[in-house]
Amino acid sequence: MLSKQDNEMMCRVGTGTPMGTAFRRFWLPALLSEELPHADCDPRRVQLLGEDFVAFRDSEGKVGLLNEYCPHRNASLALGRVEGGGIRCIYHGWKFAIDGTVLETPNVADPKFKDRFKACAYPVREAGGLVWVYLGPKEQQPEFPKWPFFDVPDANRLAVYPVISCNYVQVMEGLIDSSHLSTLHTSPLKTTGGSELDFAKKTSHMQFQAAPRIEAEDTEFGFHYVAIRDVSEPDGERTIARIASFVPPCFVLNPNGDLWFAIVPVSDTRCMFFHVWWDAQKKFGEEPLRSQQLEFVGLDQAALDAYGLSFRTCDTPQAASRDNNFLQDRDAQRRGHFTGLPSFTQEDAAVGMSGGPIRDRSREMLCAADVALPKLYRALLTCARQAMNGQDPLGLHVDTTRIIGVSGPLAAGTHWRSLAPQHKVVPTRISA
Ligand code: FES
Ligand SMILES: [Fe+2]
């Protein structure tokens, strides 16, 4: 449970808010590299933390991120022409390079005029199939992080994001809540038994125990959390522990070990839910595995568009919303489907969005299964308060290469922490 005041502090991410200030101290994924497929391709409008930007790939293939609105008279540069080493505003033709340098101002006779100012540009890096941006103060730009999927070839990695129309914390809550799996995902989990996909195999045991033992510990980087289930298998009983790790402000390593998430706020009431799968051997990025994986969890383009989980469709009347009861299919339920929703992704999105654009946490009744949630709230509020006080927020200077999500059998008498021995446990954070 959170006071209204703390909830506001945790959820609001606009300019000048405590959590918005914290987010702006980190490198954040903003879009997929493949959304800017080649040099001089069409630019893309990007909204992050309530601010409007334009991303484009210049003639050399380098990506830039500028304020969306032209410095001259604020026409949208998302309408601009990407050509000759920059982006040209279609209104009066001013042209800007990826670093904000003004290359041309054709309606001004004075050739020196363009040297007097710059467009507002932000540092950009590409890694792991994602375009990363840093929106914070120049003098506080942190080192670029290194996540394990940065090193694998493109063919071995699959990056995708649904757009979820609710506050980012509601999406995070689902990622550190193992007990919802055997209820909300009852029907899709039933189909995992026969599937050869790793994701299916790694999650199929979860349908059998609705009340796993849940524990969580604060760590140097944020916190990690475990769900422990006793599972009957043909060769006897086994105990399976699944550990997820949360790194502020928005990164989660899934216990499957090959799946990473970033939940990046577009605004206070919408977020991008980045998923990256990777494997040294498996060609996640190539067919047929790519489509199999996406379709299995409801992340293929057709499924995202149909449910309003893409930028193309999220603002259309057809998008799942309260008005259409999140497109729930009651007939399918009567025929035996538990939720009447298409797949994992849509089930998670529906319950996340159904609590309201920013849900009220002063009225929640947490139970033992929710033990990780107060840790999440505290980690985020710690970040917000640190940023507000001018300190480096929790999660900023951590060695991301040592953080894992992991699952595996637990021998009798062994602590689950032994599955992730490199995580340094710290005393519980009491004051947010
Ligand atoms: S508004 Fe962009 S060049 Fe005038
Ligand atoms: Fe879920």
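Say whether the condition of being surrounded by 15 or more Cβ atoms within 10 Å (Cβ to Cβ), of a type outside the set (K, R), touching a residue at least 24 places away in the same chain (Cβ under 8 Å) and farther than 17 Å from R125 by Cβ is met by at least one residue in the stretch 56-66. Quick ask: steps written out before the conclusion?
Pass one, the stretch 56-66, residues surrounded by 15 or more Cβ atoms within 10 Å (Cβ to Cβ): 56-58, 62-66.
Add one more test, that the residue is of a type outside the set (K, R), and what stays is 56, 58, 63-66.
Those left that are additionally touching a residue at least 24 places away in the same chain (Cβ under 8 Å): 56, 58, 63-66.
Remaining after also requiring farther than 17 Å from R125 by Cβ: none.
Looking for residues that are surrounded by 15 or more Cβ atoms within 10 Å (Cβ to Cβ), of a type outside the set (K, R), touching a residue at least 24 places away in the same chain (Cβ under 8 Å) and farther than 17 Å from R125 by Cβ, one finds none in the stretch 56-66, hence no.
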**OP:** Filter the stretch 13-24 for residues that are farther than 12 Å from L48 by Cα and open to solvent by 20 Å² or more (accessible area, probe 1.4 Å) and give the result.
**Re:** G16, T17, P18, T21
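So that you can scan it fast, the table gives a plain yes or no per residue for (1) open to solvent by 50 Å² or more (accessible area, probe 1.4 Å); (2) under 20 Å from A372 (Cα atoms); (3) assigned to a loop (DSSP other than H, G, I, E, B):
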residue	(1), (2), (3)
L394	no, yes, yes
V398	no, no, yes
T401	yes, no, no
I404	no, yes, yes
G408	no, yes, no
A411	yes, no, yes
T414	yes, no, yes
S418	yes, yes, no
P427	yes, yes, yes
**OP:** Would you point out which residue out of T15, T21 is in contact (Cβ under 8 Å) with a residue 24 or more places away in the chain, out of contact with any Leu (no Cβ under 9 Å at 6 or more places or on another chain) and within 29 Å of I358 (Cα to Cα)?
**Re:** T21
**OP:** Report, by residue number, each residue of the stretch 1-12 that is open to solvent by less than 60 Å² (accessible area, probe 1.4 Å) and more than 19 Å from the chain's Cα centre (by Cα).
**Re:** L2, S3, D6, N7, M9
**OP:** Output the residue which, of all residues in the stretch 313-354 that are under 18 Å from P188 (Cβ atoms), open to solvent by 70 Å² or more (accessible area, probe 1.4 Å) and outside any helix (DSSP H, G or I), is farthest from ligand 2 (Cβ to nearest atom).
**Re:** R335
**OP:** Keeping to the stretch 79-103, report how many residues are within 12 Å of ligand 1 (Cβ to nearest atom) and buried (at least 16 other Cβ atoms within 10 Å of the Cβ).
**Re:** 10
**OP:** Tell me, yes or no, whether the stretch 278-288 has at least one residue that is within 16 Å of the chain's Cα centre (by Cα), at pLDDT 95 or above and either open to solvent by less than 10 Å² (accessible area, probe 1.4 Å) or closer than 12 Å to Y168 by Cβ (or both).
**Re:** no
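What tally of residues in the stretch 43-78 results from selecting those that are more than 14 Å from ligand 1 (Cβ to nearest atom) and not β-branched (V, I, T)?
The initial filter retains those residues of the stretch 43-78 that are more than 14 Å from ligand 1 (Cβ to nearest atom), namely 44-53, 55-65.
Subsequent filtering for residues that are not β-branched (V, I, T) retains 44-45, 47-53, 55-62, 64-65.
Residues meeting the conditions: 19.
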**OP:** Can you tell me which residue within the stretch 27-45, out of those that are in contact with an Asp or Glu (Cβ under 8 Å, 6 or more places away or on another chain) and within 27 Å of A155 (Cβ to Cβ), is most open to solvent (accessible area, probe 1.4 Å)?
**Re:** R44
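The values are calculated or read from the model by the stated rules, or taken from the named source; none is laboratory data. Being a predicted model, the structure only gives us computed values, none of them experimental. For neighbour counting, all protein chains shown are included, and Cβ atoms are generated from backbone atoms with ideal geometry for every residue, glycine included. Accessible surface areas use protein heavy atoms only, side chains included; no ligands, DNA or RNA. Shrake-Rupley method; radii C 1.70, N 1.55, O 1.52, S 1.80 Å.
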